[in-house]
1. Go from 0 up to the bin containing the longest alpha carbon distance in region 579-627, width 5 Å each, and give me the % of pairs per bin.
2. Just how many % of Cα pairs in region 119-195 lie over 17 Å apart, if you round to the nearest whole percent?
3. Cα atoms only: what Rg and Dmax, in Å, come out for region 191-333?
4. Compute the distribution of all C-alpha to C-alpha distances in region 270-347, in bins of 5 Å from 0, and list the percent of pairs in each, rounded to whole numbers.
5. Trypsin sites (Lys or Arg not before Pro) within region 405-452: which are DSSP loop residues with at most 14 other Cβ atoms inside 10 Å?
6. Over 29 Å, how big is the tail of the calculated P(r) for region 9-160, in percent of all Cα pairs?
7. Once you put a point 7 Å from the Cα of K605 and another 7 Å from the Cα of S423, both along the Cβ direction, what distance in nm separates them?
8. Starting with the fewest neighbours, write out V230, V292 ranked by other beta-carbon atoms found within 10 Å of each beta-carbon.
Amino acid sequence: MPENVAQKLIRSHLESGEFAPGNELGLRIDQTLTQDATGTLVMLEVEALGLDRIRTDLSVQYVDHNLLQTDEKNPEDHEFLQSAAQRFGLWFSQAGNGVSHPVHQSRFGKPGATLIGSDSHTCAAGALGMLAIGVGGLEIAMAMAGEPLYISAPQVMGVELTGELPDWVSAKDVILEMLRRHGVKGGVGKIIEYHGEGLKSLTAMDRHVIANMGAELGATATVFPADDAVRDYLEAVDRGDDFTRLVADEGAEYDLTDAIDLSELEPLIAAPSSPGNVTPVREVAGDDVFQVVVGSSANPGLRDFAVVAEILADRQIHPQISLDINPTSREVLADLIAGGWLASLVGSGARIHQSGCLGCIGMGQAPAIGRNSLRTMPRNFPGRSGTDEDSVWLCSPETAAAAALTGKITDPRDLDMDYPEVSLPKKFSVNRKMLLPPLPPEEAREVTLVKGENISTLPDFEPLPDDIDLEILLKVGDNVSTDEIMPAGSRVLPYRSNIPKISEFVYIQVDDTYATRAAEHEGGHAIVGGENYGQGSSREHAVIAPRYLGLRVVVAKSLARIHWQNLANFGVLALEFTDEAGYEELSQGDVLVFRGLRDALAEGKPVTAEVDGRTFEFRHGLSPRQVEMVLAGGRIAQRAEHEKNPA
């Protein structure tokens, strides 16, 4: 049977399960990616597993999120991560080297390989013909230990691209069009595979832009073929030998289909406060703008900065605008200097920042309250910018540059100028000096992990009881993100390796009494959520910290993939209403009375709970492996039990 690219990638790495939608698959993992906001926990998990050395082909630890050093916490985390990389056999990308996803694509990405990362935007590597999936940190630790990644087999959605992008429209508008059509849940349970004649006009970095924000669709992964554009890119970054052609077979079919004529697209923008609130720029043009930020893994290529520089050339930004430029790597920064684009940006009034995530994760660059901020970033969830009452819009570099010039949301086609021609170098800068290779095993074993006072150990979580009464301490609505469960930003991120401290911030933007009430509550508790509960970032802190506070069960209309898996990894039972009307009937303060819970889960029976004489029935979707994990109190406890009592 002819196969599409996604099917080829999965079948070539399939270790267990049958590739049919809904089945649990075990996939062999070639590479892993961790960053400093999630990597500290991953390294603590690797230590807890007793691993001597990683068993993947390649793993890389990046420092790109927690870059602000306002006290000792972040630099101490960086020291710990470097020592852990040396001890366990990882590559280490130093602070200032660049954002993980574009750096990984340029230095390590390989067509045909599998990659998982403890960052939801790991899917960006699908631009090179990889199967790249964002997961929780514990999944990374297990992959480093040589275990497969377990996922529910997705459907493959083929999106045929035809035509070419018109002037003033770029790759960001393609993924915004997908979000306009399908929303933030449209990719759940799916791999999005792009194909068609329209690919010929999209570079590998254009594809990175589109693949990156597949996370905002909720997709398991985004896949592009490894074709001539990928070959040209790998040659341009001095890695032509790593190219392997990987394309869909003629006649390959897809479970679902869609089509986009690139020539018909127009500039689009996602309004506050969801990537799914997409509208044509012209429909919202005229609103005042006070901040423009260019950078992030969602628009990381040299072209994305150069086109802004060309639009601003010999012009001055509007006096009310703060234009922030975040080069995504030292290599991109070097090419901006060599091409004269950095001088153009500085001359226009732009503020040049270090290479890193920065404002994308709320580490600086917070906007004023109620003042529109246009950003070439992937997310605009409430408060993610670092300002609680923020007004963040997501757009292309062209739309961002237009706003920087006019001080208003402006369709770039309405600027009084021709669309600039950006001539990129045939060879990009190559600088590997801040990528530290793994130590030889004999040297690695002599390394001692460097732990500052802010680095705690992982808490032990007890097994799930058979009978348990759980008060609902919080009820929330639809599309609650992990940014709302466990905020990012400069106030919270420095405590990423300190579970007791970071637990004080759980749900602080939604209900600032939750953490205190949970800490004071005797026994466990439950949370009730709406649709797509836990969307967004892969951060497992959004599970570990609530679990530390006593969370045992989450009941929701539906759950986002990564968060659902993270809940199981740490022994929190995730349930969905069999009848969504039950959501309306439950209230904060109700007590869910579970009886015979362990038996119901182990035997595959419906899970029920009594509330004041009413019976509610739930489904869980857990595989037998995951049920065992939840019953044990999490995956680490499950593994320890297996080692004590091998089958």
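1. 5, 19, 28, 22, 16, 9, 2
2. 58 percent
3. Rg and Dmax of region 191-333, Cα atoms, are 17.8, 56 Å.
4. The percentages, shortest bin first, are 3, 13, 21, 22, 19, 13, 8, 1.
5. K426, K427, R432, K433, R445
6. Of all Cα-Cα distances in region 9-160, 17 percent exceed 29 Å.
7. 7.6 nm
8. Taking fewest neighbouring Cβ atoms as first place, the list is V230, V292.
Every read-out reported here was derived from the displayed coordinates using simple, explicitly stated rules and does not represent laboratory data. Given the structure is predicted, the values throughout are model-derived calculations rather than measurements. Please note: Cβ atoms are built from the backbone with ideal geometry, for glycine as well, and neighbour counts cover all protein chains shown.
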